[in-house]
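Trainee: Before I ask anything, here is the structure I am working with.
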Amino acid sequence: MLGHAARDAVRRHNIPHKEIFNSGISQMLAMAASNEALRYVSFPTQVLGKSCKMVPVMAGGIVLGGKRYSFAEYLQVALITLGVSVFNFGGKKKKVGKPDQPFGLLLLGASLLMDAVTGGLQDKVKKTTKEINPLVKGAKPSMHESMLWTNASGCLVALLLALLTGHLVNGLAFCSKHPEVLKAIVVYSISSAVGQNFVYYTLTQFNPLVLTTVTTTRKIFSTLFSVFRNPENSLSPMQWGGTSLVFAGLIGDIAKKMMS
């Protein structure tokens, strides 16, 4: 038991805090750029742009994390990305709003770039952890270590951005004027914290690309659930085609792992 405790202690303290901290910064910048883009582009454009998130995450893993992917994994990413894009693009058309502005598209591009940096750093964290713990088999940060340091840096960046943009003062004033909104914020925060346990478990036990696959395809699964639960909610033929592409990518990956 003492031996296990000693090994756990080594694993806990020898983690690349800098890489984890930096990944939190890039993650918050990606989120901020994506949210700010909504002021200049339509929601469908933003969703369609973020549907391609698997591509920059894979690229970041190659460039920053030293990852190598097989042809089957490239094909899976292509199928899922295309499928999700077709699914989002093939929905019911809503009234046309203001045209998308170039600055909003630039912000979307910046968000995807930060997604690439985040994915690459998260892959690098695992690689570096193994290098600095050569005597610990399968050394890697725990999900709560990753959650703590990522959220710590993200919180600092969010606070700085809120101060620079004046959103902090305006937000506090709004909460002071409408205190009932605080309950919703607390519930949202607790729900987010609980959900992050599953996010960081997936991240630490698998890899950023698997996590991105889950977060990218979740809308399709929730939409399918609503269709099966209530037949009045229907999908267009184009959306069914996109769904088929996504399932082809997921089933192909499962089949590959079962055969290996």
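Trainee: Using a Gaussian network model of the chain whose springs link C-alpha atoms within less than 10 Å, name the residue from VAL41, VAL77, VAL136 with the highest mean-square fluctuation.
Mentor: Of VAL41, VAL77, VAL136, the most mobile in the Gaussian network model is VAL136.
Trainee: Also, quick follow-up: Please state, as a whole number in µm²/s, the translational diffusion coefficient that the Stokes-Einstein equation yields for region 26-89 at 4 °C and 1.567 mPa s, with Rh defined as the Kirkwood radius across alpha carbon pairs.
Mentor: 99
Trainee: Which number do you get for Rg(Cα) / (2.2 N^0.38 Å) in region 37-191?
Mentor: After normalising by residue count via 2.2 N^0.38 Å, the value is 1.32.
Trainee: Right, something else. Run the helix sum for the chain: -39,500 (n - 2.57) per DSSP H stretch of 4+ residues, divided by residue count, reported at 222 nm to the nearest 500 deg cm²/dmol.
Mentor: Computed ellipticity for the chain at 222 nm equals -27000 deg cm²/dmol.
Trainee: Over all directions, the average projected area of the alpha-carbon convex hull for region 101-155 comes to how many nm²?
Mentor: Dividing the Cα hull surface by four gives the mean projection, 4.6 nm².
Trainee: I need the calculated FRET efficiency for the pair LEU160 and VAL227, taking r as the beta carbon distance and R₀ as 51 Å, to the nearest 0.05.
Mentor: 0.75
Trainee: Could you give the spread of the C-alpha atoms of region 106-230 along their three principal axes, from largest to smallest, in whole angstroms?
Mentor: Principal extents (Cα only, largest first): 56, 45, 32 Å.
Trainee: Using the Kirkwood radius over C-alpha pairs as Rh, can you work out the diffusion coefficient of region 130-187 via Stokes-Einstein at 25 °C, viscosity 0.890 mPa s, in µm² per second?
Mentor: Taking Rh from Cα pairs, D becomes 169 µm²/s.
Trainee: Between GLN205 and ALA78, what is the label-to-label distance in nm when each label sits 7 Å out along the Cα-to-Cβ direction?
Mentor: Here the modelled spin labels are 3.1 nm apart.
Trainee: Another one. Quick one: pull the percent of accessible area on region 18-167 belonging to carbon and sulfur, 1.4 Å probe, ligands and nucleic acids left out.
Mentor: C and S fraction of accessible area: 71 percent.
Trainee: Before I look further, what does the chain give for accessible area per residue, probe 1.4 Å, in whole square angstrom?
Mentor: 61
Trainee: Also, quick follow-up: So how strong a dipole does the chain carry about its Cα centre when Lys and Arg Cβ are +1 and Asp and Glu Cβ are -1, to the nearest 20 debye?
Mentor: So the dipole magnitude of the chain works out to roughly 220 debye.
Trainee: Per residue of region 242-257, in order, report the coupling 6.51 cos²θ - 1.76 cosθ + 1.60 (Karplus, θ = phi - 60°) as ³J(HN,Hα) in whole Hz, putting x for Gly and Pro.
Mentor: x, 4, 4, 5, 4, 5, 5, x, 5, 5, x, 5, 5, 4, 4, 6
Trainee: Given the chain reduced to its alpha-carbon atoms as identical point scatterers, what log10 I(q)/I(0) does the Debye formula return at q = 0.11, 0.17 Å⁻¹?
Mentor: Relative scattering, expressed as log10 I(q)/I(0), comes to -0.74, -1.46.
The values are calculated or read from the model by the stated rules, or taken from the named source; none is laboratory data. Every value quoted in this text rests on a predicted model; they were computed, and no experiment measured them. Cβ atoms come from the backbone with ideal geometry, glycine included; neighbour counts cover every protein chain shown. Note: accessible area is taken over every heavy atom of the protein model, side chains too, but ligands, DNA and RNA are not part of it. Shrake-Rupley method; radii C 1.70, N 1.55, O 1.52, S 1.80 Å.
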